[in-house]
Amino acid sequence: MMKRTSAAVFLISCLLFSFGCSSTPSGTIAIADLQKDAAKHLGQNVVVVGTADIRTGALAPQMIKLYNKFDIIWVSRAESVYSPDQGRQVRVTGVLQQKHFNVLGDIYYIEAAKIEVE
């Protein structure tokens, strides 16, 4: 009986701890939250963390996709801004914009001022 009670207390403690911990690093906004409420952040400086997908092809060479699980945000970077390796975890700082791209349609994207490896 004591082992079951201890196991139950341990499991409940683990669950409570996991709910209290955020996977979004301090000082950043989750990509999912940014996508849900993009209009609120439009034109503002934002910081997001995610995995870089640089396989955008010749049609958008200065664009990268930043993803976290199933959530994606596009990032536009100037040639002077660091270009991450494929699959790298990065922190992107920049202004959230909305624009029509011939290839992508109307999208929200971050005009990156800085990209750093996490």
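The values are calculated or read from the model by the stated rules, or taken from the named source; none is laboratory data. No experiment lies behind these values; they were computed from the predicted model shown. Positions of Cβ are generated from backbone atoms using ideal geometry, with glycine treated the same way; all protein chains shown enter the neighbour counts.
At a glance:
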item	result
Some residue of segment 78-89 being farther than 22 Å from Ser26 by Cα, modelled with pLDDT under 95, assigned to a strand (DSSP E or B) and out of contact with any His (no Cβ under 8 Å at 6 or more places or on another chain)	no
Selection within segment 64-77 - part of a loop (DSSP other than H, G, I, E, B) and either of a type in the set (Lys, Arg) or more than 18 Å from Leu34 (Cα to Cα) (or both)	Lys69
Within segment 36-72, tally of residues that are under 16 Å from Lys114 (Cα atoms), among the hydrophobic types (A, V, I, L, M, F, W, C) and in contact with a Phe, Trp or Tyr (Cβ under 7 Å, 6 or more places away or on another chain)	1
Every pair of residues 6+ apart whose Cβ atoms lie under 9 Å, when the first sits in segment 91-107 and is without any contact (Cβ under 8 Å) to a residue 24 or more places away in the chain while the second is part of a loop (DSSP other than H, G, I, E, B)	Asn102/Leu59
The listed residue being of a type outside the set (D, E, K, R), at negative phi, under 17 Å from the mean Cα position of the chain (by Cα) and loosely packed, with under 12 Cβ neighbours inside 10 Å, out of Val117, Val92	Val117
Output for segment 96-111, where each listed residue is within 21 Å of Glu79 (Cβ to Cβ), surrounded by 10 or more Cβ atoms within 10 Å (Cβ to Cβ) and among the polar types (S, T, N, Q)	Gln97
Residue match in segment 70-80 (condition: aliphatic (A, V, I, L, M), loosely packed, with under 12 Cβ neighbours inside 10 Å and under 11 Å from Tyr108 (Cβ atoms))	no
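Residues are listed down the side, and each one gets a yes or a no for (1) among the charged types (D, E, K, R); (2) more than 9 Å from the chain's Cα centre (by Cα):
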| residue | (1), (2) |
| --- | --- |
| Ile31 | no, no |
| Lys36 | yes, yes |
| Ala39 | no, yes |
| Asn45 | no, yes |
| Arg55 | yes, yes |
| Pro61 | no, yes |
